[in-house]
Amino acid sequence: TMFDELNYTAKVGPERGPTSTREFRDPSRLLSDWAGHYRRTSRKSRRVELHVSSREPEVWTILVNESLGDVPWAVSKWLAADALAQYTTQIPDMTIYVTDESFDNALKRLTMHPDITEVERGGRIKLWSAPEYVLELAKPTFSFRVVSPIRVYGDLLRAGDRGSEAAEHLREVAIGF
C-alpha cells in the first residue's frame, strides 16, 4: 500500500482474489530512491581489509576459494561489476560477503593462509558481513558467486566517484532500468 501511495506500484485486477496483483509503475525511480537511501545509511556490517601481494583478481579468487572452503561467500563491488557488465580496465580490490554468523570463522580461515594478512586500510580483499539473504540471492558466474546486481549497484555507489560511473554502467547493462 505504501508503494502504491508513492506511485512505485499499482494494484491491478479485482479488489481481492487470486487474480489481484500489483505491478511496478516506476522501477527506475524506486531503484534510484533506494540507492540514495542505501548510499546515505550507515554500514552496520563488520568489515576487515586483507592484504595480498598479487594484483591479479584471479589470484585473489583462488586464495579466497582455497581459504574459505565450505564457508559460503559471494563477491560484490568491482569484481562483481566486472563479471556482470565489464567496465573498468583494472579492478582495484575484491569485496566478499559472508554471513554474519560465519564472519569470525571466515576471517580466521583467510588469515591462516600465509599469503593473506589483515591490514588497517588499503587491502586488496575486503571481507564484509551480511545478512543471510544477501548470499541466498547470489548467483554463480565464472569461478565465484556474485551478490544481486542491485546490491552491487548500491555498493559501487558507496565507493564514490569512480564507483558511481561503474554503477551507472552496471545499471544500464545488467539491471536495465
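The values are calculated or read from the model by the stated rules, or taken from the named source; none is laboratory data. What you see is a predicted model, and the numbers here were worked out from it, not measured in a lab. Glycine also receives a Cβ, built like all others from the backbone with ideal geometry; neighbour counts cover every protein chain displayed. These accessible areas exclude ligands, DNA and RNA; they are computed on the full protein's heavy atoms, side chains included. Shrake-Rupley method; radii C 1.70, N 1.55, O 1.52, S 1.80 Å.
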What is the residue count in the range 107-138 for residues that are without any contact (Cβ under 8 Å) to a residue 60 or more places away in the chain and either under 20 Å from Glu49 (Cβ atoms) or more than 11 Å from the chain's Cα centre (by Cα) (or both)?
10
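From the set of residues in the range 1-22 that are among the aliphatic types (A, V, I, L, M) and within 17 Å of Asp33 (Cα to Cα), which is modelled with the lowest pLDDT? Write out each step before concluding.
Step one: of the range 1-22, the residues among the aliphatic types (A, V, I, L, M) are 2, 6, 10, 12.
Subsequent filtering for residues that are within 17 Å of Asp33 (Cα to Cα) retains 2, 6.
On the way: Met2: 86, Leu6: 89.
Filtering the range 1-22 for residues that are among the aliphatic types (A, V, I, L, M) and within 17 Å of Asp33 (Cα to Cα), the one modelled with the lowest pLDDT comes out as Met2.
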Index of the failed condition, Gly160 passing every other in (1) touching a strand residue (DSSP E or B) at 6+ places or on another chain (Cβ under 9 Å); (2) open to solvent by less than 50 Å² (accessible area, probe 1.4 Å); (3) without any contact (Cβ under 8 Å) to a residue 60 or more places away in the chain:
(1)
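Yes or no, residue by residue, for (1) out of contact with any helix residue (DSSP H, G or I) (no Cβ under 8 Å at 6 or more places or on another chain); (2) modelled with pLDDT of 95 or more; (3) over 19 Å from Ile175 (Cβ atoms):
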position: Thr111; (1), (2), (3): yes, yes, yes
position: Thr117; (1), (2), (3): no, yes, yes
position: Gly123; (1), (2), (3): yes, yes, yes
position: Ser129; (1), (2), (3): no, yes, yes
position: Pro140; (1), (2), (3): yes, no, no
position: Ser143; (1), (2), (3): no, no, yes
position: Pro149; (1), (2), (3): no, yes, no
position: Val152; (1), (2), (3): no, yes, no
position: Leu157; (1), (2), (3): no, no, no
Subset of the range 86-110 (residues that are in contact with a Ser or Thr (Cβ under 7 Å, 6 or more places away or on another chain) and open to solvent by 30 Å² or more (accessible area, probe 1.4 Å)):
Asp100, Arg109
Looking only at the range 52-75, decide whether some residue is closer than 26 Å to Gly176 by Cα, under 23 Å from the mean Cα position of the chain (by Cα), aliphatic (A, V, I, L, M) and at pLDDT below 95.
no
When you go through Ser53, Ser67 one by one, which is the residue that is at negative phi and touching a helix residue (DSSP H, G or I) at 6+ places or on another chain (Cβ under 8 Å)?
Ser67
Thr111 - would you say it is within 16 Å of Phe144 (Cβ to Cβ), touching an Asp or Glu at 6+ places or on another chain (Cβ under 9 Å), hydroxyl-bearing (Ser, Thr, Tyr) and not in a loop (DSSP other than H, G, I, E, B)?
no
Just the residues that are in contact (Cβ under 8 Å) with a residue 24 or more places away in the chain and either acidic (Asp, Glu) or within 21 Å of Asp104 (Cα to Cα) (or both), please, taken from the range 44-55.
Ser45, Arg46, Arg47, Val48, Glu49, Leu50, His51, Val52
